[in-house]
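Right, one structure below, let's go through it.
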Amino acid sequence: MAFISGHQKWNKDSYMWKTPNEEEMMISGAFSHYEPIINNPKGKIDYIIYTYGNRVEDVSKNPFTVKESKIHCDRILNYLKDKEGNYKLLMYYMDKDAPIVEDAKKVASFIDLLNADGNTNSVTLLSLSKASDMAIYVPKFIKKEDSLNKLNVINVAAPYEGTIMASPRIFYPMIKKLFWNNETIYKIFKNVYESISSNSHMDYDIAIKDGICLQSYNTFSNEFYKEFDFNKILYNKELLELIREMTNSPYKYYDSSFIRDIFSKENMDALSSAKSFTNITTGIDKDTLGNQIKAFNLVGIALCLLNKLFLEGKGDGLVKTSSEKLIEDYLDIESIHIPSMHHDIASTKEFDNVLKITHDVITRR
């Protein structure tokens, strides 16, 4: 059993972190702390911060404890227990409503805090899925040079261009077409989708370009506000409807700059200043579906289907492989590709490959 602490809730009105009330604990940003693995009592500790883009409510019914088996943390611990050295695993849970860049600031502050302890040998940020996008921003917000010098960043299946699945403006019409424009089936699917989505920054911030309606609103409103005229609004039904949608829509909780600026010079310079950066990509091929059927991995089977329906067979079920590799255009790196693999790699035996890469990075001198 691991303990969850450090809960902070993002206040969408004041645009600041706050202490959560009881009802907000399960959707607040927080860290879980696992029992350390100590093989050398006199040695320093290699910390691993594992991020999967989950909320506390996704993994536990208790805001203060979580089972080691959740999000496959037990596999990480089991892999490390017979390795030389001392390891401490932590998990970061994202806030439901915070802009993802604010989560990145929170993680960066925690890394600085860990390095304030003279017993820290290294900190490795192991991030999967949307959390990998967050990880790109983290080095920029680290304040201590020593923290950067000890920081390894490992990204797995990163949606650097965003993902269709977080883009209602594009995804919903595709779903409607898939169900032959049947409104009843479409509404059922839409309700299920919205029940598991944050319907806020946590998911919307990784939308692809033009994937959130508000993005087009922003483009329009920037031009409009240059020559603001109340009468133009008051007597224009189209503009009035636009303003009503902007005010009432959950899409207002969306940071269009997050994906747009992910490869900014500031981000790339800071990331290059870290001790190391490793990019791991995934992709479904002709063998993946059969492998997932043999393993009776229902999530893997579903991702193979999603890949064919929505990604033209060119991704891992949620993200196009070309998007996962895009950072190669901005940094002098070569990604490590894990073939025949869907997006939920942590649920497969191939996750051991990720753990081996992680351990190799940590022990590299």
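The values are calculated or read from the model by the stated rules, or taken from the named source; none is laboratory data. Quantities reported herein were computed from a predicted structural model and do not represent experimental measurements. FYI the Cβ positions are ideal-geometry reconstructions off the backbone, even for glycines, and counts take in every protein chain you see. For accessibility, only protein heavy atoms count, side chains too; no ligands or nucleic acids. Shrake-Rupley method; radii C 1.70, N 1.55, O 1.52, S 1.80 Å.
Scanning segment 153-197 for residues that are among the charged types (D, E, K, R) and under 23 Å from residue 341 (Cα atoms) yields a count of 1. Which of the residues belonging to segment 171-206 are surrounded by 18 or more Cβ atoms within 10 Å (Cβ to Cβ) and in a helix (DSSP H, G or I)? Matches in segment 171-206: 171, 186, 201, 202, 203, 204.
Of all residue pairs spaced 6 or more apart or on separate chains, those with beta-carbon atoms under 8 Å, a first member in segment 60-74 that is within 12 Å of residue 89 (Cβ to Cβ) and without any contact (Cβ under 8 Å) to a residue 12 or more places away in the chain and a second member that is buried (at least 18 other Cβ atoms within 10 Å of the Cβ) and not small (Gly, Ala, Ser) are 74/68.
Restricting segment 1-19 to residues that are closer than 20 Å to residue 64 by Cβ and among the aromatic types (Phe, Trp, Tyr) leaves a set whose member that is surrounded by the fewest Cβ atoms within 10 Å (Cβ to Cβ) is 3.
Determine whether residue 355 is touching a Phe, Trp or Tyr at 6+ places or on another chain (Cβ under 7 Å), open to solvent by less than 70 Å² (accessible area, probe 1.4 Å) and under 22 Å from residue 72 (Cα atoms). Spelling it out, residue 355 is indeed touching a Phe, Trp or Tyr at 6+ places or on another chain (Cβ under 7 Å), open to solvent by less than 70 Å² (accessible area, probe 1.4 Å) and under 22 Å from residue 72 (Cα atoms).
What about residue 51, is it open to solvent by 10 Å² or more (accessible area, probe 1.4 Å) and either small (Gly, Ala, Ser) or modelled with pLDDT of 95 or more (or both)? Judged against the criteria, residue 51 is not a match. A single entry from 182, 231, 155, 149 fulfils the requirement of being of a type in the set (S, T, N, Q) and modelled with pLDDT under 80: 231.
Note on segment 247-359: enclosed helices (runs of 4 or more DSSP H) holding 3 or more residues that are in contact with a Gly (Cβ under 7 Å, 6 or more places away or on another chain) and among the hydrophobic types (A, V, I, L, M, F, W, C) are 298-310.
Note on segment 299-349: among residues that are touching a Phe, Trp or Tyr at 6+ places or on another chain (Cβ under 8 Å) and of a type in the set (Ser, Thr, Tyr), the one that is surrounded by the fewest Cβ atoms within 10 Å (Cβ to Cβ) is 330. Set side by side, the residues 115, 152 differ, and just one is touching a helix residue (DSSP H, G or I) at 6+ places or on another chain (Cβ under 8 Å), over 26 Å from residue 281 (Cα atoms) and open to solvent by less than 50 Å² (accessible area, probe 1.4 Å), which is 115.
For segment 77-122, taking the residues that are of a type in the set (Val, Ile, Thr) and under 28 Å from residue 40 (Cα atoms), the one that is nearest to the chain's Cα centre (by Cα) is identified as 107.
Scanning segment 61-75 for any residue that is within 21 Å of residue 19 (Cβ to Cβ) and open to solvent by less than 20 Å² (accessible area, probe 1.4 Å) turns up at least one such residue. Can you pull out every residue in segment 76-106 that is touching a Leu at 6+ places or on another chain (Cβ under 7 Å) and either open to solvent by 10 Å² or more (accessible area, probe 1.4 Å) or under 30 Å from residue 13 (Cα atoms) (or both)? Result: 77, 79. Just wondering, is there one or more residues in segment 12-26 that are in contact with a Pro (Cβ under 9 Å, 6 or more places away or on another chain), more than 25 Å from residue 163 (Cβ to Cβ), in a loop (DSSP other than H, G, I, E, B) and modelled with pLDDT of 95 or more? Yes, some residue in segment 12-26 is in contact with a Pro (Cβ under 9 Å, 6 or more places away or on another chain), more than 25 Å from residue 163 (Cβ to Cβ), in a loop (DSSP other than H, G, I, E, B) and modelled with pLDDT of 95 or more. Just one of (1) charged (D, E, K, R); (2) modelled with pLDDT under 95; (3) in contact with a Pro (Cβ under 9 Å, 6 or more places away or on another chain) fails for residue 42. It is (3). The single condition among (1) open to solvent by 50 Å² or more (accessible area, probe 1.4 Å); (2) in contact with a helix residue (DSSP H, G or I) (Cβ under 7 Å, 6 or more places away or on another chain); (3) of a type outside the set (Lys, Arg) that residue 296 does not meet is (2).
If the condition is being outside any loop (DSSP other than H, G, I, E, B) and among the polar types (S, T, N, Q), then segment 28-75 contributes 32, 51, 65. Against the list (1) small (Gly, Ala, Ser); (2) more than 26 Å from residue 200 (Cβ to Cβ); (3) crowded, with 18+ Cβ neighbours inside 10 Å, the condition residue 28 fails is (2).
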